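All remarks here apply to the structure that follows.
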Amino acid sequence: MTEIHPAGQVIESEFASVAVKLDETGNSVRLRVEDLRTGRVRFLDALELESLVWLADGHLTQLLDPSHERWRG
Amino acid sequence: MTAVVPSPSDVEVEVREGGSRYDRLIQPARVHGTLYTDPSIFAEELRKIWHKTWVFVGHESEVPQPNDYVRKQLADQDVVMTRDKEGEVHLLINRCAHRGLQVCDDKAGNSSSFRCPYHGWTYRNTGELLGYPYNKGYGGKNKLELGMGKVARVASYQGFVFGSLAAEGQSLEDHLGAAKGEIDRLVGLSPEGKVSLDAGWLRHKTRSNWKFLAENETDGYHPQFVHGSIFGVTGSPIGALYSDNSTAVTRNLGDGHSENDLRPEFRGFAEPMRWFGTTPERVSNYVEAMNEAYGEDAERRMIEGAPHVMIFPNLFIAEIQVFNIQPVAVGECVQYATAVQFDGGRELNQRMVSQSIGSVGPAGMLLADDTEMYERNQRGVEMADPEWLDVRRGLLRESVDENGFTIGSATDETGMRGFWNHYKSLMTAPDEGHED
Amino acid sequence: MSVMTEKTGDAVLPPRPDNGTELLDVPDGWEAREVEQFLYREARLADENDYDGWEALWTDDAIYWVPVDGEGDHPRATVSIIFDNRNRISTRMKQVKTGKRYAQAPPSNLRRIIGNVELLGGRANAEGGVDIEIGANVLAFESRPRGNTLWGGRTTYRLRRVDGQIRLAYKKVVLVDNEQAVPTLGFLI
């Protein structure tokens, strides 16, 4: 589901809400991703995005473990 | 000192046993033509000056965002200026640690990491090797202590980024010395105390030795001749600033730096913004912002204007333009030029772009003529006789100002002599080679 | 953590002169042959350093633009090799006519070929009319004491009829090598 938001297109579920948009303030275009629940922002450049695409499902799943980074304990 | 123009023979220097050839080639009142034409001297300059001292490379505003990068030149080195995700600026040498390929090809971009197109070796934008494909061939991940080359020392002053390829040496602030105050003067004309160099760069190929440019930048003797054509048709008052009637002074700032200090003239007129060729009424938003930022001191800043300073070896601030001079070969260099942009001074910024386009670069109504002179000068010094170039103008009327700097009149060669003193000190320093 | 900053202080800019307005259809009343003849005349006047004749071709709202870095960024916000309005063209001509514009004294010896001429469309002008927009390639051979230089580029022209005469309202020259350092460009490209 998408709606208009100043931070970009919103990608949302019952578990998370993020906005994405192309950012052109740098020397080449980046993806700006904002966690709308905390306001935390991350920019992803083309090589990082390509790397995400090639991330094995298992590795991506590991990132979803809440103790992996954010709630490391 | 007697008021007699010293002749070169009076100031002939005895070359002591084991003395450097530069003691003979660089004398107080004259310098030898081979300094501009001898490829072996150029090779020695790369080693003793360009690969050693602080060299201006670019400006932080060219990489405004985290992970921005831009390709730059440091003499013969292709350099990538990056801003890492923490905001720190790095100067990487654009060379893969694997086979030596150029890693970055685009002029500018935004990326946290760089991947060499040859075999996929990938580096952080700090130069550190992140990884390589099919890592078993190296015994696994993280097995190589390699990285992209780095300019050994990087430092910036008021956003101007300098690099030194020598791991050790004086600090940037020590190198800039008295020239720091001139950079401060420039940024002090921004209501936010900050300039940006984000208006792009003109690249002017110049078939001349780089030193002709460094010497000319604060030569107040040439403007009425080289630029008489444009001063005449535009009715420009600039010519008068560089005459024998002018109260402006040429100052040897030490460490090879020099300036044409036009403040005495502008203080005499006491008209804010005259230095910019305008009046406060025509740029009222800027004037208001300056008054708000600096209170009573704003008027002085707007009367005295921007500096005209040559910072050794390659940064020339010409009031509203910045030049980055980079040598290519003994008889060739490139002048990179841009318009200064004052943060918080948008009313002036478009004017500075427009004036810069008119003045500088390959078709500039000022710089194309300077460049013609540099190129004719290069052909001239390739002639056999006379072997010397004369730099004695004003020697007999130099004095020392209240801060201990040697000053000459507006048209004197005081700046050139300062340049050569410093040049000689670097070129006669013991050749340490590159071990360390 | 990422730093969020926005570029600030961008002054309001007029539309880009090259593509800031819509490209319309080729206006009526233009023949390819007469357009080409005009371009060749303009080229000859420039080659032969006929400054008065060349300057007289321009309209009062002239734009003469030689960008850097391909098509260039907005010419009021970034530097170009040349970005002249009518006044600055006039200043440039007055300077060179002093005979002491050393970058052009003595003048370059020049000959250029204009080719691949295409009628591209029309652009609305400030006078309420539509200028014809033309694209062409240029290859110019310049000889000076410093040596010979070959200049190549793509030129976009806009022409207008003023009192029955064809006049030049706009000329943008994108040099093939404008991403590199180029030598002094003292002549009229």
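Read the figures in this text as sums done on the coordinates, not as results from a lab. Note that this is a predicted model, so its numbers are computed, not measured. All Cβ positions, even for glycine, are placed from backbone atoms using ideal geometry, and neighbour counts span all protein chains on display.
Structural remarks
- More than 31 angstrom apart: percent of Cα pairs within chain B: 44 percent
- Per residue of peptide B:66-72, the mean number of Cβ atoms on other chains within 10 Å of the residue Cβ is 4.
- A Cβ-based charge dipole, computed about the Cα centre of segment A:4-64 with Lys and Arg at +1 and Asp and Glu at -1, lands at about 180 debye.
- Disulfide-incompatible cysteines by the Cβ rule (no partner under 4.7 Å) in chain B: B:Cys104, B:Cys333
- Alpha-carbon centroids, segment B:104-163 and segment A:8-73: separation in whole Å: 24 Å
- Residue order, fewest to most surrounding Cβ atoms within 10 angstrom, among B:Trp121, A:Trp71, B:Trp54: A:Trp71, B:Trp121, B:Trp54
- Pairs with C-alpha atoms separated by more than 27 Å, drawn from the list B:Lys205/C:Lys172; B:Lys194/C:Lys171; A:Lys21/B:Lys107; B:Lys72/B:Lys194; B:Lys72/C:Lys94; B:Lys205/C:Lys97, are B:Lys194/C:Lys171; B:Lys72/C:Lys94.
- Of interest is the spacing of the C-alpha centroids, which for segment C:72-150 and segment C:151-169 amounts to 11 Å.
- For the protein assembly as shown, the orientation-averaged shadow of the C-alpha convex hull comes to 38.4 nm² (one quarter of the hull surface).
- Computed from the Cβ-Cβ distance with R0 of 45 Å, the FRET efficiency linking B:Ser243 to B:Ser425 stands at 0.90.
- Electrostatic bookkeeping for B:Glu182 treats Lys and Arg as +1 and Asp and Glu as -1; over the other residues with beta carbon under 15 Å from its beta carbon, the sum is -4.
- Whole-Å distance, taken between Cα centres, linking segment B:295-317 and segment B:241-283: 9 Å
- Normalising the average separation of contacting C-alpha pairs (under 8 angstrom, six or more residues apart) by the number of residues puts the relative contact order of chain B at 20 percent.
- Kirkwood radius and radius of gyration were both taken over the C-alpha atoms of segment B:73-134, and their ratio Rg/Rh is 0.94.
- Between C:Ser143 and B:Lys143, the FRET efficiency from the beta-carbon distance, with R0 = 35 Å, is close to 0.05.
- Cβ crowding within 10 Å ranks A:Glu14, B:Glu217 as A:Glu14, B:Glu217, fewest other Cβ atoms first.
- Phi to ³J(HN,Hα) by Karplus 6.51 cos²θ - 1.76 cosθ + 1.60 over segment B:261-277, Hz, x for Gly, Pro: 8, 8, 4, x, 5, 5, 5, x, 6, 6, 10, x, 6, 4, 4, 9, x
- Ranked by how many other beta carbons lie within 10 Å on average, peptides B:276-287, B:334-345 from highest: B:334-345, B:276-287
- With a 10 Å cut-off around each Cβ of B:105-112, the average count of Cβ atoms from other chains is 5.
- Extreme residue, positive dipole direction of segment B:140-256, given options B:Met148, B:His222, B:Ser243 (C-beta unit charges): B:Met148
- By other beta-carbon atoms within 10 Å, ranking B:Glu332, B:Glu304, B:Glu45, A:Glu50 with the fewest at the front produces A:Glu50, B:Glu332, B:Glu304, B:Glu45.
- A rounded overall shape is assigned to segment C:32-175, the ratio a/c of its alpha-carbon gyration tensor axes (a ≥ b ≥ c) being less than 1.5.
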